[in-house]
1. For LEU185, which of the numbered conditions (1) in a loop (DSSP other than H, G, I, E, B); (2) crowded, with 22+ Cβ neighbours inside 10 Å fails to hold?
2. Please work out which one of (1) at pLDDT 95 or above; (2) β-branched (Val, Ile, Thr); (3) within 25 Å of the chain's Cα centre (by Cα) is the condition THR346 fails and give its number.
3. Name the single residue that is surrounded by the most Cβ atoms within 10 Å (Cβ to Cβ) among those in region 120-139 being closer than 27 Å to THR106 by Cα, out of contact with any Ser or Thr (no Cβ under 6 Å at 6 or more places or on another chain) and not aromatic (Phe, Trp, Tyr).
4. Considering (1) among the β-branched types (Val, Ile, Thr); (2) over 22 Å from the mean Cα position of the chain (by Cα); (3) at pLDDT 80 or above, say which one THR106 fails and leave the rest.
5. Answer yes or no as to whether ARG273 is farther than 12 Å from VAL297 by Cα and within 36 Å of the chain's Cα centre (by Cα).
6. Being in a strand (DSSP E or B) and either without any contact (Cβ under 8 Å) to a residue 12 or more places away in the chain or small (Gly, Ala, Ser) (or both) is the filter; apply it to region 193-225 and report the residue that is nearest to GLY281 (Cα to Cα).
7. Specify which of the listed residues (ALA252, ALA264, ALA314) is modelled with pLDDT under 95 and of a type in the set (A, V, I, L, M, F, W, C).
8. Of all residues in region 316-343 being surrounded by 11 or more Cβ atoms within 10 Å (Cβ to Cβ) and among the polar types (S, T, N, Q), which is nearest to the chain's Cα centre (by Cα)?
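The values are calculated or read from the model by the stated rules, or taken from the named source; none is laboratory data. Owing to the predicted nature of the structure, the values given are computational and were not obtained by experimental measurement. Note that we place each Cβ from the backbone using ideal geometry, even for glycine, and neighbour counts take in every protein chain shown.
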Amino acid sequence: MFHGEVDLDPGSGTAKQVANGGGEEGFVVKLESTGAYAWSKVFGGAADDHVQSVAVDRTGDVYLGGYYAGVVDFDPGMGEAVYASSGGYDAFVVKLTTTGTIRVDTQAPQVAGVTRRMPQEASVTATSVAYRVRFSREVTGVDAGDFNVTTTGGLSGAVTAVAAVNAGEYVVVAGNLQGSGTVRLDVKSTGTGITDLSGNALAGGYTQGETYTVTAAVTQPEVGGSASAGGTYGSAFSYAVTASRAPQGYTAVGLPSGLSINSASGVISGTPREAGVFAVGLGALNLGGQGQGVVVVTVGKAPLKVTAVDASRAYGQGNPAFAVRYEGFAAGDTAGVLTKVPEVTTQAGSRSPVGEYPLVAGGGVSDKYAFEYVAGVLRVRAAEVGLTLGNLTAVYTGQGLAPTVVTSVPGVEV
């Protein structure tokens, strides 16, 4: 890395670069086998940005790894590949061609599979069933219109819910099932609007998914109600299962931790203790047997406000240990439930001038909480400087004394 101004051409030419905003910048230089300059690229924003490792593959493409803070354009050419860190420092990997241009991802995503999710058995008496849809990479733009419910034997149905487990996996409900026959969930081959994070469109459809064999309820209850329900981690939740033909009992399989069903009333309630997407199998029973259905319960992460606590120090001193303040933990939770606690960073160093500097909180990881970061302030005040004089005695030679001066803050000129 470098700061200030640098000439990256080791020969007679010049390849002058200037650090952005006065911070440290990452760079890569390519030299010919003779040592002659070929090209150089610089990555960085206003904060410090470091290239930590470089690798070259068999085709000559270059891979750079490192870390950055703030906002950085990783495209060294005329285009843009702008990314913002989530707070503090984030890691990055950039792939460049042999000529130093950014290597654009053109690989199209594919459907990796469509499998039964809930109920888990293949033969059911149900008004709705849930499928697990997996893609070969992370995608966006997935909705009900991207699927077909393919049936046989007079069975009919439609997509009634779509929920993202993550960007590469979705739960899709085929609901409103009427009649008997088989049902399969297909992904349309055209017109889906599904793309990966680089904008590449889905490559074709998918019609090889697993099937359910559905038998229409005759005397058993038919489970109705909404195909989806939402809640928040750590907050009270309630959902009522509805069914026809006078159910005498209810069941629920696959509930998130903290929720349970009242077998008499069919009310699912409690306080969720995990976040995520859950395909919950529902059952309603009477003397004629059991009817089945599915509800997709999505438990969102709870908001957690993280504030960097203000701090101060004198000029010339190292930064103190920074702290954060939390607001929004659910009952019984502490920072110990976080996968990774947030950290506080600042651009101020021991030689930074007197003034105020942002304290930036970030880097927290949790499967239960969504972080909201609030910056604090580091105040650098003027330091009291003590002077110690030395060499104050000498044998008379007719020459003046040359006392030494040592300051209590190293590096201060007097």
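1. (1)
2. (1)
3. Step one: filter region 120-139 for residues closer than 27 Å to THR106 by Cα, giving 132-139.
Imposing the further condition that a residue be out of contact with any Ser or Thr (no Cβ under 6 Å at 6 or more places or on another chain) reduces the set to 133-139.
Going one step further and asking which of them are not aromatic (Phe, Trp, Tyr), we end up with 133-134, 136-139.
Working: VAL133: 25, ARG134: 15, SER136: 16, ARG137: 16, GLU138: 14, VAL139: 23.
In this case the residue turns out to be VAL133.
4. Single failed check for THR106: (3).
5. Yes.
6. GLY224
7. ALA314
8. ASN319
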